[in-house]
1. If Val412 passes every condition in (1) part of a helix (DSSP H, G or I); (2) within 16 Å of the ligand (Cβ to nearest atom); (3) modelled with pLDDT of 90 or more but one, which one does it miss?
2. If you take the residues in region 342-388 that are part of a loop (DSSP other than H, G, I, E, B) and among the acidic types (Asp, Glu), which one is farthest from the ligand (Cβ to nearest atom)?
3. Quick check on region 306-339: of everything there that is exposed (fewer than 15 other Cβ atoms within 10 Å of the Cβ), in a helix (DSSP H, G or I) and of a type outside the set (A, V, I, L, M, F, W, C), which residue is nearest to the ligand (Cβ to nearest atom)?
4. Does Val23 meet the test of being β-branched (Val, Ile, Thr), closer than 25 Å to Thr342 by Cα, out of contact with any Asp or Glu (no Cβ under 6 Å at 6 or more places or on another chain) and without any contact (Cβ under 8 Å) to a residue 12 or more places away in the chain?
5. Collect the residues in region 103-147 that are in contact with a helix residue (DSSP H, G or I) (Cβ under 7 Å, 6 or more places away or on another chain), among the hydroxyl-bearing types (Ser, Thr, Tyr) and touching a residue at least 60 places away in the same chain (Cβ under 8 Å), keeping them in residue-number order.
6. Looking only at helices (runs of 4 or more DSSP H) that fall completely inside region 209-300, which ones have 3 or more residues that are closer than 30 Å to Met143 by Cα?
7. Of everything in region 365-393 that's at pLDDT 90 or above and acidic (Asp, Glu), which residue is surrounded by the fewest Cβ atoms within 10 Å (Cβ to Cβ)?
8. Within region 2-39, how many residues are on the phi < 0 side of the Ramachandran plot and in a loop (DSSP other than H, G, I, E, B)?
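The values are calculated or read from the model by the stated rules, or taken from the named source; none is laboratory data. Remember, it's a predicted structure, so these values are computed and weren't measured experimentally. So basically every Cβ, Gly included, is an ideal-geometry build from the backbone, and we count neighbours across all protein chains shown. Quick note on the areas: whole protein, heavy atoms, side chains included, nothing else; ligands and nucleic acids left out. Shrake-Rupley method; radii C 1.70, N 1.55, O 1.52, S 1.80 Å.
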Amino acid sequence: MSICQNPFPVGPAVRHQTRLVNVAWGSTVVPIGSSAPIVVQSMTNTDTADHIATAIQVKELALAGSEMVRITVNTPEAAQAVPAIREQLDKMGVLVPLVGDFHYNGHKLLTQYPECAQALSKYRINPGNMGGGKKRDDNFAQMIEVACKYEKPVRIGVNWGSLDHELMARMMDENNAKPEPWDAQSLMREALVVSAISNAQRAEQLGMPGDAIILSCKVSHVQDLISVYRNLAGRCNYPLHLGLTEAGMGSKGIVASTAALAVLMQEGIGDTIRISLTPEPGGDRCKEVVVAQEILQSLGLRAFTPMVVACPGCGRTSSTVFQELADSIQSYLRDQMPVWKTRYPGVENMNVAVMGCVVNGPGESRHADIGISLPGTGEVPSAPVFIDGERTVTLKGDNIAAEFHEIVRNYVERRYGVRS
Ligand code: SF4
């Protein structure tokens with residue numbers, strides 16, 4: 001390495017160059033690909049035929065930060081409900097684009113329910129479950145024809161759980177005839193990539209513009225996903241939708257999704273992400289949006305909400321005061337964001353430190369935009385507050401949390417408020 005080179009380069013690799021696809025509803029246009037910010041999307045788990053429940057959940061996901069929301073369209077009742085969901089959302093001023101998730105009967109539903117086809121902003125097509133032989137080709141062509149007619153982009157979404165059987169069988173035969181056949185895992189990965197690209201090419205031959213196609217190849221294991229997407233990115237320039245399918249519940253789903261997506265996005269691969277978390281019983285569906293945003297923000301790729309740096313606590317902190325403060329300030333910041341993001345441009349880049357004692361507290365707090373260092377066991381019961389690296393007030397007593405919230409609010413107003 002040359003002595004002039006910075007030995008600590010920071011940041012992701014140059015983004016893999018993809019085409020730009022616009023997904024739109026009304027005045028809302030979500031660009032995907034090229035140099036557009038990596039888009040966060042999510043999916044509802046309501047019965048789509050229940051248009052009220054689905055519209056409410058779409059609104060919740062959109063308010064949490066989902067820039068597109070996918071809904072299942074699996075039955076005539078669901079297809080009939082789609083225009084009503086769209087209308088309900090429009091009335092509420094929620095202009096988030098809706099994506100229709102189709103399997104098996106998408107060709108029928110999109111042709112029999114034109115208002116559904118029109119109300120959706122993008123169609124997800126799974127080429128692995130559209131029948132076989134000529135029937136499959138006809139069904140695929142029918143869906144592409146509708147997409148062209150209504151000028152809607154599509155995602156050709158291949159999934160290893162529903163891989164095209166005929167393609168796989170043909171590739172296995174060819175593989176077996178090789179002098180050195182590939183192992184089954186490598187063959188499966190190749191079949192996913194071939195299925196995605198060949199179907200995209202066929203869609204273009206059928207008249208679909210190349211800048212209206214997004215690809216995904218979803219698998220449920222981290223190393224498979226990384227391997228497949230590296231390969232896919234090297235072989236095409238369609239925008240790529242990243243996500244681990246069936247990621248799982250709780251920390252397992254979050255960790256597996258983060259591990260896979262972080263590696264790929266650090267390599268400049270990926271244009272839109274969805275985190276497929278299984279919600280806990282009664283859990284909040286919006287968690288998948290929060291996790292997607294936190295992955296992007298932790299990698300420094302996008303900013304959504306001020307970041308709270310909090311120490312883990314240790315034997316030097318006998319009380320839960322600092323844990324409660326860290327939790328309350330994080331919730332407070334997230335709750336304010338729907339209003340703050342328009343009123344205080346740039347506030348999403350703010351860093352807040354909440355530290356448990358004097359060891360790292362003052363140092364970490366000084367590095368943050370605003371920080372508080374709480375007293376550890378045996379320390380003087382006071383909490384110095386640091387603003388822009390300078391020690392300012394010292395909080396004492398039972399009202400530290402509320403007073404700190406107020407200090408943060410004033411700081412945000414002063415620093416990010418738009419002056420007329
Ligand atoms: S800052 Fe203090 S309380 Fe927090 S982990 Fe470090 S030593 Fe423990």
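1. Status for Val412: all satisfied but (2).
2. Start the filter on region 342-388 by keeping residues that are part of a loop (DSSP other than H, G, I, E, B), which leaves 344-346, 350, 356-360, 368-369, 374-382, 388.
Narrowing further to those that are among the acidic types (Asp, Glu): 369, 379, 388.
Values: Asp369: 18, Glu379: 10, Asp388: 21 Å.
Of everything passing the filter in region 342-388, Asp388 is farthest from the ligand (Cβ to nearest atom).
3. So in region 306-339, the residues exposed (fewer than 15 other Cβ atoms within 10 Å of the Cβ) come out as 312, 314-315, 318-320, 324, 331, 335, 338-339.
If we keep only those that are in a helix (DSSP H, G or I) as well, we get 324, 331, 335, 338-339.
In the following step, the residues that additionally are of a type outside the set (A, V, I, L, M, F, W, C) were identified as 324, 331, 335, 338.
On the way: Glu324: 14, Ser331: 20, Asp335: 25, Pro338: 31 Å.
The selected residue is Glu324.
4. Details: β-branched (Val, Ile, Thr): yes; closer than 25 Å to Thr342 by Cα: yes; out of contact with any Asp or Glu (no Cβ under 6 Å at 6 or more places or on another chain): yes; without any contact (Cβ under 8 Å) to a residue 12 or more places away in the chain: no.
No, not satisfied.
5. none
6. Working: elements: 222-235, 250-266, 287-298.
Output list reads 222-235, 287-298.
7. Taking the candidates together, the pick is Glu390.
8. Narrowing region 2-39 to residues on the phi < 0 side of the Ramachandran plot: 2-10, 12-25, 27-32, 35-39.
From the residues that got through so far, the ones that are in a loop (DSSP other than H, G, I, E, B) too are 2-10, 12-20, 27, 35-38.
Of the residues in that region, 23 qualify.
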